[in-house]
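Some notes on the structure that comes next.
The values are calculated or read from the model by the stated rules, or taken from the named source; none is laboratory data. Source: prediction; values computed, not measured. Heads up, the Cβs are rebuilt from the backbone with ideal geometry, glycines too, and the neighbour counts pull from every protein chain shown. All accessible areas refer to the heavy atoms of the entire protein, side chains included, with ligands and DNA or RNA removed. Shrake-Rupley method; radii C 1.70, N 1.55, O 1.52, S 1.80 Å.
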Amino acid sequence: MNRSIALSLVSLSLVGVACAEETLPAPAARVTPTPAPGNAGIELPDGFSATVFADDLGRARHIAIRDNGDAYVMLRRARQGHAIVALRDTDGDGRADVERLFGEHTGTGVEIHDGWLYIGADDRVVRYRLPDEGLVPTEPPETLVTGFTNSFGHNAKPIAFDEDGRLYVNVGAPSNACQEQQRTPGSPGQAPCPQLEFAAGIWRYAPDQAGQVHPRDGHRFATGLRHCVAFTWHDGAGYAVPHGRDQLDTLFPDLYDADDNAELPGEEFHRLTDGADAGWPYAYWNWQRGERIVSPEYGGDSETVAEPGRFLDPIQSFPGHWAPNDIVFYDAEQFPERYRGGAFVAFHGSWNRAPRPQAGYSVTFTPFDGDAPSGDYEVFADGFTGSESIRSPRQAERRPTGLGVGPRGHLYIVDSVKGRVWRVFSTGERD
């Protein structure tokens, strides 16, 4: 929806205090979206179309979608003092016609589990009890976990749940490569890296216990992951596409040039089981060679391969600095058969390819057979930047950063620049 339409919507304020539940029309029982002209600015494969589910939400991040079709979008920056946008489509046209704001903890992570809306804010995890029929929670949030690092920008806290309902939280590293002097040319890395004790990994927590403190009350499930904004749980394992380290050329100009830095390290796609170690900060993945290379901060010379078997190898890799920001597996049936069980990844784009042209800014699809890719990735949705070539993320009109699959099998794509949400559906199989 554009802003003129949004102005017709009523905004409800809720900042962690109880309020009377609002009576709203129920979500549409049947949804038949009409394709937007030009798919509202994005490019999709033949047989797919998109409509704009919502627009101008603000600095949007991840999205969670309830079984009745209600959607909840996290905001990185508060809008009118609130951090979460609740959306409902009551007339079945595929677009949200009810929009409500609530919540006070901005961030990235948002999941629905067992009747609760869980929020991965930048410095804590909280949860709201969802009303049976209403859109917005009427009770204040319960704080589950605090004590997270909230520095250096890697403070997003994506969350996920396993089959047993246990809560997993990404904790990003508060540095680029754990140097003794951060982002200083030639500075060696700290050995061992003390940040691994509380960051650069995935921790597991109880989903229903208030007052937990990180890392004391958590279990470190996986480590050596610099920052997993793209993280989910699927079919018995965690899956993550972490952000790789930056500035190889400016920190070690004798070993790397600008072309090396634009492509390295690769963005790694990992299947994570308990105890996994993906190698940060000691090594990085060279996707062009298919090898893990010792980091220059730890004695690497851009050629030396890390000790075999010490660190986890990715199940797939992407070019450098595409900046993966979300991942979702497609287990619905509205898309054609080849998409079932595969993974969509949203790439946000990164400043670190400069001065070379930007890359990423797309949603890819990787087919799976069981727990491993069955083929190479392909670009599924593109055209977000509005231009074929940009030199800075600030030039991008849109940047995909959140993904979700709704109850009718439609794929939702969230933009972080202005907060547009596309609803993508197969035109060969309409519900």
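Remark: segment 278-390 is approximated by an ellipsoid whose semi-axes, taken from the C-alpha gyration tensor as √(5λ), come to 28, 21, 10 Å, largest first.
Would you give the gap between the C-alpha center of segment 365-431 and the C-alpha center of segment 296-313, rounded to a whole Å? Centre-to-centre distance over Cα atoms comes out at 33 Å. Protein heavy-atom surface of the chain, 1.4 angstrom probe: 45% of the accessible area is carbon and sulfur, with nucleic acids and ligands not counted. When only alpha carbons are used to place a centre, segment 23-77 and segment 344-358 end up 24 Å from one another.
With N the number of residues in segment 373-417, Rg(Cα) / (2.2 N^0.38 Å) evaluates to 1.41. Between E163 and S187, the simple spin-label model (points 7 angstrom out along Cα→Cβ) gives 4.5 nm.
Rolling a 1.4 Å probe across the protein heavy atoms gives segment 277-360 an accessible surface of 38 Å² per residue. Computed over the chain, the per-residue total of -39500 (n - 2.57) for DSSP H runs of n ≥ 4 gives a 222 nm mean residue ellipticity of -500 deg cm²/dmol, rounded to 500.
With one equal scatterer per alpha carbon and no solvent term, the Debye-computed log10 I(q)/I(0) for segment 213-320 at 0.16 1/Å reads -0.70. Summarised in one figure, the compactness ratio Rg/Rh of segment 166-274, Cα atoms and Kirkwood Rh, is 1.04.
Taking a sphere under 10 Å around the Cβ of R398 and counting the other residues whose Cβ falls inside, with K and R at +1 and D and E at -1, yields a net charge of +1. With the convex hull of the Cα atoms taken as the outline of the chain, the averaged projected area works out to 19.4 nm². Counting heavy atoms of the protein chains alone, C178 has an accessible area of about 0 Å² for a 1.4 Å probe. The Kirkwood radius of segment 55-204, taken over pairs of alpha-carbon atoms, gives through the Stokes-Einstein law at 25 °C and 0.890 mPa s a diffusion coefficient of 146 µm² s⁻¹. Ordered from largest to smallest accessible area (heavy atoms of protein chains, 1.4 Å probe), the residues D46, D259 come out as D46, D259.
Equivalent ellipsoid of segment 94-144: semi-axes from √(5λ) of the C-alpha gyration tensor, largest first, are 19, 14, 10 Å. Measuring gaps between exposed loop sites in the chain (trypsin sites (Lys or Arg not before Pro); DSSP loop; at most 16 other Cβ atoms within 10 Å), the longest gap, sites not included, is 31-165. The simple spin-label model puts a point 7 Å past each Cα toward its Cβ; for T250 and S389 those points are separated by 2.3 nm. Put a plus charge on the Cβ of each Lys and Arg, a minus charge on the Cβ of each Asp and Glu, and nothing anywhere else: the dipole of the chain about its Cα centre is then about 1140 debye. Convex hull volume of the C-alpha atoms in segment 113-180, normalised per residue: 104 Å³. Normalised per residue, the accessible area of segment 45-139 is 31 Å², obtained with a 1.4 Å probe and no contribution from ligands, DNA or RNA. For D382 and D91, the difference between the fully extended length at 0.36 nm per residue and the C-alpha to C-alpha distance is 101.9 nm. Annotation: amide H-H contacts under 5 Å for L272 (H modelled 1.01 Å from N, sequence separation of 5 or more, or interchain): G238, Y239, A240.
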